[in-house]
Amino acid sequence: MIFRTAIALALLCALAAPADAQTRAKKLYCWNDANGNRTCGDTLPPGATDLARTEINAASGQQTGQVGRALTAEERAAATAAEARAQADAKAKAEQQRRDLAMVESYATEADLRRAYGERTSLLDDALKASAMAESNLRRSLVVLLDQANNLQLAGRPVPENLLANVRSQHVELGKQQRIILEQRADRASLDAELADALARYNALKNPRPE
């Protein structure tokens, strides 16, 4: 009798154990539907799988997780773009640090660094002077051509087509030269800013401030 009772208890425990484990593992889900109504259940209907939800242990009643809503296509694209920007920024920062270390190793003093930039500055200044001279020559040539055309008109004579063509051509060339000068001035200003930034980084690495 005792033996049969022991067998029966063992069978009951064996049958009860899986059910108890299932109860412990079972989850409840709570979410807000499209109308803002709070809904809970032990399964997620198809319309709720993309909604934000709270997961709760059915046995203990304690919250076990929080799942955010699914992102829209636009949000996923924005997140991907933001991640790409972050990676690009991190790569650029690492590259800048590498260049800064190379700069400190290449130039023993600030004067050496200034001298290196001075060579580039001199080249740009020479180019600007040459461009300014070319612009001045084009301007004088254009003035001469315009005077010739004006004198002919004052004398009541027609202006030859080749003279008009030369005037137009000089106008075009003068405009090109002026654009070149603007670009060179922008390059010169950019180089000055680059030097100032390089000096600041150089001194920060050479003479770090105490914490």
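The values are calculated or read from the model by the stated rules, or taken from the named source; none is laboratory data. The structure displayed is predicted, hence computed values, not measured ones. A quick note on method: Cβ atoms are made from the backbone with ideal geometry, for glycine too, and the neighbour counts reach across all protein chains shown.
If you filter region 29-60 down to residues that are in a loop (DSSP other than H, G, I, E, B) and among the small types (Gly, Ala, Ser), you find that the one that is surrounded by the fewest Cβ atoms within 10 Å (Cβ to Cβ) is Gly36. Report yes if some residue within region 83-90 is basic (Lys, Arg), farther than 30 Å from Leu205 by Cβ and at pLDDT 90 or above; otherwise report no. No, every residue in region 83-90 fails to be basic (Lys, Arg), farther than 30 Å from Leu205 by Cβ and at pLDDT 90 or above.
Every residue, every condition in (1) part of a helix (DSSP H, G or I); (2) loosely packed, with under 11 Cβ neighbours inside 10 Å; (3) assigned by TED's automatic domain parsing to the domain that holds Asp187, yes or no:
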residue	(1), (2), (3)
Ala88	yes, yes, no
Arg120	yes, no, yes
Asp126	yes, yes, yes
Ser136	yes, no, yes
Ala149	yes, no, yes
Gly156	no, yes, yes
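For region 61-77, the set of residues classified as in a loop (DSSP other than H, G, I, E, B), exposed (fewer than 10 other Cβ atoms within 10 Å of the Cβ) and under 30 Å from the mean Cα position of the chain (by Cα) consists of Gly68 only. When each of Thr80, Thr109, Thr121 is tested for being among the polar types (S, T, N, Q), modelled with pLDDT of 90 or more and under 29 Å from the mean Cα position of the chain (by Cα), the lone residue that passes is Thr80. Looking only at residues of region 158-209 that are of a type in the set (Val, Ile, Thr) and free of Cβ contacts under 8 Å to residues at least 24 places away in the same chain, we find that the one that is farthest from Ser122 (Cα to Cα) is Val159.
Here is a yes/no grid of residues against (1) assigned to a helix (DSSP H, G or I); (2) loosely packed, with under 12 Cβ neighbours inside 10 Å; (3) of a type in the set (Phe, Trp, Tyr):
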{"residue": "Ser169", "(1), (2), (3)": "yes, no, no"}
{"residue": "Leu174", "(1), (2), (3)": "yes, no, no"}
{"residue": "Arg179", "(1), (2), (3)": "yes, yes, no"}
{"residue": "Ala189", "(1), (2), (3)": "yes, yes, no"}
{"residue": "Arg209", "(1), (2), (3)": "no, yes, no"}
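Table: residues versus (1) modelled with pLDDT of 95 or more; (2) charged (D, E, K, R); (3) in contact with a Cys (Cβ under 9 Å, 6 or more places away or on another chain); (4) closer than 25 Å to Ser106 by Cβ.
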{"position": "Gln153", "(1), (2), (3), (4)": "no, no, no, no"}
{"position": "Gln178", "(1), (2), (3), (4)": "yes, no, no, no"}
{"position": "Gln184", "(1), (2), (3), (4)": "yes, no, no, no"}
{"position": "Ala198", "(1), (2), (3), (4)": "no, no, no, yes"}
{"position": "Arg201", "(1), (2), (3), (4)": "no, yes, no, yes"}
{"position": "Asn207", "(1), (2), (3), (4)": "no, no, no, yes"}
